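The values are calculated or read from the model by the stated rules, or taken from the named source; none is laboratory data. Just so it is clear, the model here is predicted, and its values are computed rather than measured. In this analysis, Cβ positions are derived from the backbone assuming ideal geometry, glycine residues included, and neighbour counts consider all displayed protein chains.
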């Protein structure tokens, strides 16, 4: 087993390993994954030292929660791990529910026969939480994240759902945390602004932020991450490969940038990063992972994987030795801003 560093989530009692395992790829995202494959990947993560697992009602419309809960119970792992899931969506029978039009247009392969509906009210949060407990088969959930509240997902409807959360959703979150039903509360979003906005209104512990702070995206350094640090709100960093380009490089057959075509400017930037990686014998995924984890606001990296092989790749990357001169070279090439926190020593 690999020893992975642990960090707290905000002021909560929850401690997470430097790597978490996300279940999106295991829930039918661009691939049909059996339960046996799901379980084998979870067990590979556990064997590698990962003690944090993330799921959501949206992932396979309930499949990720059903599968994860069963895998943890069947292998008697529950007491040794941290589990996060999400609220903001209530699942309803597919035969009687209209399909939502979403920004990313995800088509799950072989999902459970449900569809998601948005609900950030008190009743919606409570129902989603209780439904998740049933699907997971758990009597408590460590981390509860409000899923996709904000403009990045809801666009013109964002204020409507934000007001639902303000009017009564916060009350549900407060009750769940104060009663001990959950230990940490936060958001699960693809933007940073909504996290800062909520943190100013309600005492969250953490937020899963996908794709906003990476080797290619540095906007949170302008002010957002500093404010989250001051408020003791931990960042659970997801999407750190920007959906693929920082894992595969420009030559990868399935290279994408934020689930779309890679812009020409991004291609050129990644080319230069790859060239510097080659010069210092550093793998691109290791650079991407260790750069994000170096920020003091970041508590853990949630990495999706759909096989034991991918889990092992991620563990090797977080532990790969990277010389300090490599980071200096990226900064000198204007690929990293001067105020970016960097790993302080070769690993």
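Odds and ends about this structure:
- Residue pairs meeting the criteria (Cβ under 6 Å; at least 6 apart or on separate chains; first at negative phi and surrounded by 13 or more Cβ atoms within 10 Å (Cβ to Cβ), in the range 328-347; second in a loop (DSSP other than H, G, I, E, B) and modelled with pLDDT under 95): none
- Taken together, the residues in the range 161-182 that are crowded, with 19+ Cβ neighbours inside 10 Å and closer than 28 Å to residue 221 by Cα amount to 4.
- Flag if residue 101 is farther than 23 Å from residue 32 by Cβ, modelled with pLDDT under 95 and surrounded by fewer than 22 Cβ atoms within 10 Å (Cβ to Cβ): yes
- With respect to (1) touching a residue at least 40 places away in the same chain (Cβ under 8 Å); (2) surrounded by fewer than 19 Cβ atoms within 10 Å (Cβ to Cβ); (3) over 27 Å from residue 51 (Cβ atoms); (4) in contact with a helix residue (DSSP H, G or I) (Cβ under 6 Å, 6 or more places away or on another chain), the lone exception for residue 158 is condition (1).
- Among the residues of the range 227-242, the ones that are touching a residue at least 40 places away in the same chain (Cβ under 8 Å) and either under 13 Å from residue 341 (Cα atoms) or surrounded by fewer than 17 Cβ atoms within 10 Å (Cβ to Cβ) (or both) come to 1 in all.
- Taking the listed residues 303, 289, the one that is closer than 20 Å to residue 326 by Cβ and either assigned to a helix (DSSP H, G or I) or in contact with a strand residue (DSSP E or B) (Cβ under 7 Å, 6 or more places away or on another chain) (or both) is 289, with no other qualifying.
- Leading residue by the ranking (nearest to residue 151 (Cα to Cα)) among those in the range 125-136 that are touching a strand residue (DSSP E or B) at 6+ places or on another chain (Cβ under 6 Å) and surrounded by 19 or more Cβ atoms within 10 Å (Cβ to Cβ): 125
- In the range 32-55, the condition of being at positive phi and touching a strand residue (DSSP E or B) at 6+ places or on another chain (Cβ under 6 Å) is met by no residue.
- Of all residues making up the range 228-276, the number that are in a helix (DSSP H, G or I), closer than 24 Å to residue 86 by Cα and touching a helix residue (DSSP H, G or I) at 6+ places or on another chain (Cβ under 9 Å): 2
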